[in-house]
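Worksheet: the structure to be examined is printed underneath.
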Amino acid sequence: MKKTWANSSRNSGILLHTFIGLGGPGDITTTIALYDGERLFHHVNGTNLHDLVHDIQQYKVIVSYNGKTFDIPFIERYFGISIPHAHLDLRLILHSLRLSRGFKSCE
């Protein structure tokens, strides 16, 4: 079991996306972090934000909170790319467990 998790975690990236705006046109991504259990890739607007396009390709699975309905579509529009990865959205899983009061309350 441990070996299976080690192999799958290298193929999975936890995505955390922060932005300025209310989810509409003109919103600006400020940072995007990817973490795979060993490495942290921190992408900062004005510094290395566009490195995300390359770095995200290292993963087969993306893990996020509300990323399926918000972050991934936002990032795809922002960069003009497609992110076809398998996606594990923790918001949907937690909601099915009746934990649906937002990210902070689920931590």
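Label-point separation (nm) for PHE79 and THR47, each offset 7 Å from Cα along Cα-to-Cβ?
1.7 nm
Can you give the Rg/Rh ratio of the stretch 29-106, where Rg is from the C-alpha atoms and Rh is the Kirkwood radius?
Numbers: Rg = 13.2 Å, Rh = 13.5 Å.
Radius of gyration relative to Kirkwood radius: 0.98.
Can you tell me, using C-alpha contacts under 8 Å and at least 6 residues apart, the relative contact order of the stretch 29-106 as a whole percent?
It rounds to 22 percent for the stretch 29-106.
Each value in this text was obtained by applying a stated rule to the coordinates, not by laboratory testing. This is a predicted model, so every value here is computed, not measured. Don't worry about glycine lacking a Cβ; one is built from the backbone with ideal geometry, like all the others, and counts go over all protein chains shown.
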